[in-house]
Amino acid sequence: MGTISLLGIAVGGALGALCRYGVSLLFQGLLRSTPWSGFPLGTLVVNIVGTFLLALLLFQPRLSLPPQLRLTVGTGFLGALTTFSTFELETDQLFRSSKALLGLSYLFGNLLLGYLMILLGRAVALRL
């Protein structure tokens, strides 16, 4: 892997991480005074949207991006935007704070909706 590919992954990763953080802050603010306060909706949203975009990137046969750009977008940006470790930590925090219903909603929302986004992304990509 060349220096340009590594630099692309690093730049894409930095932008993806900043985007994920911004989306999390946005949804924290929107949910602040609701019964959903504390629910990590921002992480759920970026996981679902990022999964769909990754499926489009990988399964669209006419989307012939150069390998370096594919690494920048797929591995860098989308890899940093979506994050399984944060998902696991936030699930644990919900359960430990006695919010089992929110924890289960978050757990199954990420898993089920994420998988549905793979199916939808592939279907859309193959029709483009």
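Other residues whose C-beta falls under 13 angstrom from the C-beta of L107 contribute a net charge of -2, scoring Lys and Arg +1 and Asp and Glu -1. Here's the picture: charge each Lys and Arg Cβ at +1 and each Asp and Glu Cβ at -1 in the chain, and of T83, Y21, V124 the one pushed furthest to the positive end of that dipole is V124.
A Förster radius of 35 Å, combined with the Cβ-Cβ distance separating L128 from F95, puts the computed FRET efficiency at roughly 0.30. Per residue, the chain exposes 60 Å² of solvent-accessible protein surface, assessed with a 1.4 angstrom probe and all protein chains in place.
Exposed loop sites were defined as trypsin sites (Lys or Arg not before Pro) in DSSP loop states (anything but H, G, I, E or B) carrying at most 11 other C-beta atoms within 10 Å; in the chain the longest segment without such a site runs 63-128. For the chain, the Cβ-based charge dipole about the Cα centre amounts to some 280 debye (Lys, Arg positive; Asp, Glu negative; other atoms uncharged).
Using alpha carbons only, the radius of gyration of the range 24-74 set against its Kirkwood radius gives Rg/Rh = 1.22. Model label points for L18 and L6, set 7 angstrom from Cα along the Cα-to-Cβ axis, are 2.2 nm apart.
Note: relative contact order over the chain, using C-alpha pairs below 8 Å and six or more positions apart, is 38 percent.
Taking the helices alone, the chain has a mean residue ellipticity at 222 nm of -22500 deg cm²/dmol, built from -39,500 (n - 2.57) per DSSP H run of at least 4 residues and averaged over all its residues.
Computing semi-axes √(5λ) of the Cα gyration tensor in Å directly from the structure and comparing it against [x] 29, 22, 12; [y] 29, 17, 11; [z] 36, 24, 15 singles out [y].
The values are calculated or read from the model by the stated rules, or taken from the named source; none is laboratory data. Predicted, not measured: the structure shown is a model, and the values here were computed from it. Every residue, glycine as well, gets a Cβ built from its backbone with ideal geometry; the counts of neighbours run over all protein chains shown. When the accessible area is computed, the model is the full protein with side chains, heavy atoms only, and any ligands, DNA or RNA have been set aside. Shrake-Rupley method; radii C 1.70, N 1.55, O 1.52, S 1.80 Å.
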